[in-house]
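Report on the following structure.
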Amino acid sequence: MATNSEPTVAVHTLELRRLGIDTYRENVVYLHRECELYRAEGFQALSKVKVCADNRRILAVLNVVDDESIVMPTQLGLSEEAFGKLGLAQGSLVSIEHAERPQSMGAVRRKIAGERLSQQDFRDIIGDITDKRYSKTEISAFLVATGQSDMDRDEVYYLTRAMVESGEQLSWNEPLVVDKHCIGGIPGNRTSMLVVPIVAAHGMLIPKTSSRAITSPAGTADTMEVLANVELDIGKLHDIVRKHRACLAWGGTAELSPADDIMITVERPLGIDSLGQMVSSILSKKLSAGSTHLLIDIPVGPSAKIRHMRQAQRLRKLFEFVGDQFGIQLEVIITDGRQPIGFGIGPVLEARDVMQVLQNLPEAPNDLRQKALRLAGRVLEFDPDVRGGRGYTIARDILDSGRALEMMNRIIGAQGEQQVKFEAGKLTYDLLSPADGVVVNIDNLRLSQIASFAGAPRDKGAGVDLFKKLGSRVEQGEPLYRVHAEFSSDFDFALRLCQDDSGYAIGDQSQIPAAFVEF
């Protein structure tokens, strides 16, 4: 008697091989061109695939190789990012299949065509980005579409909410959780590393999570990493903040708004940073970190991200609108963005400036000290027990007394003091003044480019050390700044930039641009 039986489905498995390739936060897998599965399934290079084993799965971009020394026809090679995410031992058997195309790409195409997207559209897009369903090319399309088409304020709110919902959300069960953030674009300007210990020493809760540099030579996390470990999981971050009232950590390992960290990897090389994306990126991180009160610093200057007051006012209103939707108390201030803050540009040089201010050394950059005190003062005034206008004096007393330094040392110790002793790059070049006169302009963007080409923030010791600021009188042949690099190729690139355009202009006192300042 004939019996019906289920058809047998052949399951093709491959041996997992760890390749030790850094693909910068993107899952990438590698198949040999002669792999039977590659031919049978019709895989194509750069297509998205799903890797599965033992109830684990990752989505990854496929690369095809012809060299058996990289991967054998019976193996599946994994990049470091993919290997870590899959969490299986080398030699494990895994299956691979085509990944479904993300349905939300339809919404991205509609945005490219200029349509307005709904809350659900943004949830779908951010969900797919978080799940690694998007390639970097598809993420680029989304970023360009939302950047060039200029999202309306409701879309910015929808995007922010979707990004908050994509990851962990901290809750501190306290009515006052403060934070401060600068929109960036000003080299140096490492005020957060001063504001946090000052505010924490006052007793306020300030869990500061920061991104690494996007388009700049250093972010707060890059600079803090010179002093301490910044890659904290949520459990450790929570314990440190509960005990010390503060932290200075990278938000990536804590999985706060993880979609933002993924998009940053694409924004960095493209140099994309539209106003709507900026607001969503900043507020999603702060809301995820549990902030209830937030101070936003918008520097304005001829070579800052924001170059005109009308643009600053528009950005302020956008921050305030989105903040109101979430019920966060938000204050936006406009500051002087005409030149770098502090003397150092690059992680080691910026960390030096911060510690000099905390140690109250006479050589500490006064502009960094004064801006940090004013910002800290405004944050302290979120405290209902601090009368308006008294914040600056309290902040100054905390810094001058050494309490801020003591708090910073406690934070460093709690996060784990950095064991590597980074130093300024040994390859140096002094850029000399071409004439007698006064420094009348310093191009923030150019100085950032020079520091980046020198190797910052990848090489902690690379960067630019400023000797002269706006209004400084100089003589021909006097050094304006010093370039530091670790490697000769980076050093050569930076020198070419300096020689093509130093970023400094020498002229008459009357040519110095006016400052837009609200302090």
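Taken together, the values in this text are just the output of simple stated rules run on the coordinates, not laboratory data. Bear in mind the structure is a predicted one, so any value in this text is a computation, not a measurement. Positions of Cβ are generated from backbone atoms using ideal geometry, with glycine treated the same way; all protein chains shown enter the neighbour counts.
Neighbour counts of C-beta atoms inside 10 Å place Y429, Y157 in the sequence Y429, Y157, starting with the fewest.
The H on the amide N of E478, modeled in the peptide plane, is under 5 Å from the matching H of S433, each at least 5 residues off or on a different chain. Sequentially through the range 117-127, phi angles give Karplus couplings (6.51, -1.76, 1.60; θ = phi - 60°) of 9, 8, 4, 5, 4, 5, 4, 5, 5, 5, x Hz, Gly and Pro residues having no value and appearing as x. Identify, among I139, L117, L159, the residue whose Cα sits farthest towards the positive end of the charge dipole of the range 105-163, taking +1 on the Cβ of Lys and Arg and -1 on the Cβ of Asp and Glu, with the dipole about the Cα centre. Looking along the dipole axis, the top candidate is I139. Mean projection of the Cα convex hull over all viewing directions, computed for the range 427-511: 4.9 nm².
Projected over every direction and averaged, the convex hull enclosing the alpha-carbon atoms of the range 411-477 yields 6.4 nm². Among F83, F43, the ranking by other beta carbons within 10 Å of each residue's beta carbon, starting with the fewest, stands as F43, F83.
Computed over the range 78-186, relative contact order equals 28 percent, with contacts defined as Cα pairs under 8 Å that lie 6+ residues apart. Relative to the 2.2 N^0.38 Å rule of thumb, the chain has a C-alpha radius of gyration ratio of 1.06. Each of S47, I70, G87 was scored by the projection of its Cα onto the charge dipole of the range 14-98, and the greatest displacement toward the positive side belongs to G87; charges sit on the C-beta of Lys, Arg, Asp and Glu.
Over 26 Å apart at the Cα level, from the set K180/K236; K305/K371; K317/K468; K285/K468, are K317/K468; K285/K468. Charge dipole of the chain (Cα centre as origin; +1 on each Lys and Arg Cβ, -1 on each Asp and Glu Cβ, all else neutral): 1020 debye, rounded to the nearest 20. Semi-axes of the equivalent ellipsoid for the range 312-467, computed as √(5λ) from the eigenvalues of its C-alpha gyration tensor and ordered from largest down, come to 30, 23, 18 Å.
With viscosity 1.306 mPa s and temperature 10 °C, the Kirkwood radius over alpha carbon pairs of the range 105-163 converts through Stokes-Einstein to a diffusion coefficient of 142 µm²/s. Most tightly packed first, judged by the mean number of other beta-carbon atoms within 10 Å of their residues, the peptides 502-515, 124-137, 316-329, 345-358 read 345-358, 124-137, 316-329, 502-515.
Using a cutoff of 8 angstrom between alpha carbon atoms and counting only pairs six or more residues apart, the relative contact order for the chain works out to 14 percent. Remark: relative contact order (the range 427-511) = 48 percent; criterion is Cα-Cα distance under 8 angstrom and separation of 6 or more residues. Each stretch of four or more DSSP H residues adds -39500 (n - 2.57); spread over every residue of the chain, this sum gives -12000 deg cm²/dmol at 222 nm. Restricting attention to the range 14-98, close to 60% of DSSP beta bridges with both partner residues there are antiparallel.
Each residue in Y481, Y392 was given a count of other beta-carbon atoms within 10 angstrom of its own, and listing them fewest first yields Y392, Y481. Both radii come from the Cα set of the range 60-116: Rg as radius of gyration, Rh as Kirkwood radius; their ratio Rg/Rh reads 1.16. By the compact-protein rule of thumb, 2.2 N^0.38 Å, the alpha-carbon radius of gyration of the range 14-98 corresponds to a ratio of 0.94. Selection among P457, S510, L497 by position relative to the dipole of the range 427-511 gives P457 as farthest towards the positive end (Cβ unit charges, Cα centre).
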